[in-house]
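In what follows, a single structure is set out as structure tokens and then discussed.
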């Protein structure tokens, strides 16, 4: 059986078209806090099922006391961690990426699409 590909959550710190490197790094921290809190070891397999079937080995940065104090709101931290993992999975499984955050009240959180180019028209290649 083939080894599962890796998802290195610290790569969120490289940013995405609608995610700054700073925000991506914060999402990676939230992921680390949640995975650590649940006692998961580095390299734990994440199984994806539904419209896609895949598995990935997850890796994240070490959790520090400062991170624990910063991310003390469990509900908020979990939401941010879910975004981070979802962003990585979308990119790996669909080839799409996060290209813009939606406005409050639209019923969804982020626009997904192809990596934009300088010549793209507004809303070209965007998906909800």
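Things worth noting here:
- Using the Cβ-Cβ distance between residue 92 and residue 68 with R0 set to 35 Å, the FRET efficiency works out to roughly 0.80.
- Each peptide in 100-110, 8-18 was scored by the mean count of other Cβ atoms within 10 Å over its residues; highest first, the order is 8-18, 100-110.
- DSSP beta bridge pairing in region 6-94, given as percent antiparallel to the nearest 5: 60 percent
- Where N is the number of residues in the chain, Cα Rg divided by 2.2 N^0.38 Å: 1.11
- Angle between the chain longest axis and helix 74-94 axis [Cα atoms, degrees, rounded to 10]: 60 degrees
- The order of the peptides 65-77, 26-38 by mean Cβ neighbours within 10 Å, most packed first, is 26-38, 65-77.
- Each stretch of four or more DSSP H residues adds -39500 (n - 2.57); spread over every residue of the chain, this sum gives -11000 deg cm²/dmol at 222 nm.
Every number here is computed from the coordinates shown, using simple stated rules; none is lab data. Predicted, not measured: the structure shown is a model, and the values here were computed from it. Counting neighbours? That spans all protein chains shown, and the Cβs are built from the backbone with ideal geometry, glycine included.
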